[in-house]
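The values are calculated or read from the model by the stated rules, or taken from the named source; none is laboratory data. Being a predicted model, the structure only gives us computed values, none of them experimental. Reconstructed Cβ throughout: ideal geometry from the backbone, glycine too, with neighbour counts over all protein chains shown.
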Amino acid sequence: MSTITVGEAIARTLEAYEVSAVYGVISIHNLPVADAIGRRDKIRFVPARGEAGSVTMADAHTRVGSLGVALTSTGAGAGNAIGALLEALNAGTPLLHITGQVEKDYLDRDAGFIHETKDQLTFLKASSKAAYRVCTPEQAVPLLHRAIREAMTLPRGPVSIEIPIDIQAAQVEWVETAPVAPAIPAPVSDDAIDALAERLATAKRPLLWIGGGTLEAGDAVRRLADAGIPVVSSTHARGVLPDSHPRSLRAFHNADSVEALFAESDLMIVAGSRLRSNETKTYSVELPRPLVQIDIDPAAAHRNYRADDFLCGDCTDVLGRLADRLTGRTPDAAYDAAVAEAVSQAEQALRTQVGEYAKLSDAVRAALPEDGIFVRDITVSGSTWGSRLLPIQRPLTNIHSLAGAIGLGLAHGIGCAVAQPKRKVVTLVGDGGLALGVGELATMVQENLDMVLIVMNDGGYGVMRGIQEKYFEGRQYYNELHTPDFQQLADAMGIQRWRVRHGDDFAGVLAEAVGYHGPALVEVDMPSVGELKFSGPPQKKLY
Ligand SMILES: Cc1ncc(C[n+]2csc(CCOP(=O)(O)OP(=O)(O)O)c2C)c(N)n1
Ligand SMILES: [Mg+2]
């Protein structure tokens, strides 16, 4: 039997899972793995400029493609990845994070070993679905299988694995092992589904609220909508039911007109959604009763709203079986008209709020093909027209930070562009958020990604300006930022660039920039274009 290094065994195992890219920053503490990936030359290694970027890229890679993998160094390297792991955990993104550790003889001894940190496994456990330490060379591949299985098992999430540097370089016997499938959840009983179908059959104005747990349930959700059940979506689940469907309430859950529909509804099914604070005015929106919750996680039951009934199961399976039972249901024309009116009012209110920027939303939609991927950072634009006005017809074509952290947009865009090289990516960022990971512009260029970065330049933190204006009697602190000349920055990086100063130019510039093949940057000079009003997500109170 032949022996190989653990690093090589890891590379071969990743290949068996058809991993197409590994994002990372190389270091003395991960070189045996990086070297094996490099020598085998089957997996694309994307050198991110920071570990936060690498994990965020892997997160996006999984969301729009297949299992994303990030490679970081011990200690500060792993620490730099934490914010990005928190986002993946929040979004339920399965990804594999491989990181180093000091030599096993010096573990947990405060030995002053290079890159040593006090308790790496604890901070990895706190920010991942699970975290494992490899303690012997023989354990490395089995633990990798377990980590991937754990990441892919519902409810999914990121899993970290730390491997002491001497173990990465140690020899092991290579025994080919097949990829391990995720655990299959127990099905919900037929009786429970019959009972829910019965509720739906008798309800006059039922509503379905869908969250990230329904991302693969598009067929079932459409059949339910076809059977007369309007669907309101979390921002994450946008496109599961195309916006073009007449019974799609899109993600207008915070609109007055849609809240009015809630008040008249006599049944709400909440499928695979956290009913997040930003989407329920800090859990104060009155949701219809009875409220039936479906979630794969037993601990999600009654999490933010007390449910009248709870079904623990995979939303794709439950909604599919529910739709099978509803084929004869007759839609109600008056209800359909009310839904259409609510959507029209919500859209009109949003268009009025965003003013000139509605033209930017329209320009992005006109230029970006339907299978194109729109990525947005947390910005005034992202939280207004980018999250709700821009029509979305397919799931996972509006990618964003679910935990609400700024600075992920560029790296999310890069991960999407690497995972889906044939699909165009448009990434929307603010000048403030871009500053957190501005070095990743170099990654975008080096990887020659087909991606347009729209930089909304308002010279500071627009969202915070709005919040301070509303909640702090107009007092403004710490929002004004020194902002680079983005045209010069693009030139310095080797990025094709445009600047827009007038709303009427959005359509022309976006068509050109999206038509350009390669890394491109469109700067929007917001003070010239006009005001964009936003005072933070609707909430019950600030604190
Ligand atoms: C990691 C993190 N730090 C701070 C915040 C608070 N925050 C929310 S929006 C925002 C401003 C973002 O500025 P920019 O990217 O320029 O977008 P704009 O608000 O100007 O549209 C800040 C600081 C946050 N959400 N996440
Ligand atoms: Mg800004």
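From the list His517, His482, the one residue that fits, being farther than 29 Å from Tyr23 by Cβ and modelled with pLDDT of 95 or more, is His482.
The one condition from (1) more than 14 Å from ligand 2 (Cβ to nearest atom); (2) surrounded by 14 or more Cβ atoms within 10 Å (Cβ to Cβ); (3) of a type in the set (D, E, K, R); (4) in a helix (DSSP H, G or I) that Asp504 does not meet is (2). Tell me which of these Leu449 doesn't satisfy, since it passes every other one: (1) assigned to a loop (DSSP other than H, G, I, E, B); (2) free of Cβ contacts under 8 Å to residues at least 12 places away in the same chain; (3) of a type outside the set (Asp, Glu). If we test Leu449 against (1) assigned to a loop (DSSP other than H, G, I, E, B); (2) free of Cβ contacts under 8 Å to residues at least 12 places away in the same chain; (3) of a type outside the set (Asp, Glu), just (2) comes out false.
Among the criteria (1) more than 24 Å from Glu512 (Cβ to Cβ); (2) more than 12 Å from ligand 1 (Cβ to nearest atom); (3) surrounded by fewer than 24 Cβ atoms within 10 Å (Cβ to Cβ), the one Gly415 does not fulfil is (3).
Determine whether Asp525 is surrounded by fewer than 20 Cβ atoms within 10 Å (Cβ to Cβ), modelled with pLDDT of 95 or more and away from ligand 2 (no atom under 15 Å from the Cβ). So Asp525 fails the test.
Go through the residues of the stretch 481-494 one by one and say whether even a single one is crowded, with 16+ Cβ neighbours inside 10 Å, more than 16 Å from ligand 1 (Cβ to nearest atom), of a type outside the set (Gly, Ala, Ser) and within 21 Å of Ala417 (Cα to Cα). Yes, the stretch 481-494 contains a residue that is crowded, with 16+ Cβ neighbours inside 10 Å, more than 16 Å from ligand 1 (Cβ to nearest atom), of a type outside the set (Gly, Ala, Ser) and within 21 Å of Ala417 (Cα to Cα). Every condition in (1) surrounded by fewer than 17 Cβ atoms within 10 Å (Cβ to Cβ); (2) free of Cβ contacts under 8 Å to residues at least 40 places away in the same chain holds for Gly460 except the one numbered (1). Is at least one residue of the stretch 42-59 at pLDDT 95 or above, under 22 Å from Val175 (Cα atoms) and surrounded by fewer than 17 Cβ atoms within 10 Å (Cβ to Cβ)? Yes, the conditions are met somewhere in the stretch 42-59.
Would you please name the residue that is nearest to the chain's Cα centre (by Cα), looking only at residues in the stretch 119-162 that are under 29 Å from Thr3 (Cα atoms) and part of a loop (DSSP other than H, G, I, E, B)? Out of the qualifying residues, it is Val134. Only one of the numbered conditions (1) in a strand (DSSP E or B); (2) exposed (fewer than 14 other Cβ atoms within 10 Å of the Cβ) is violated by Lys541, and that is (1).
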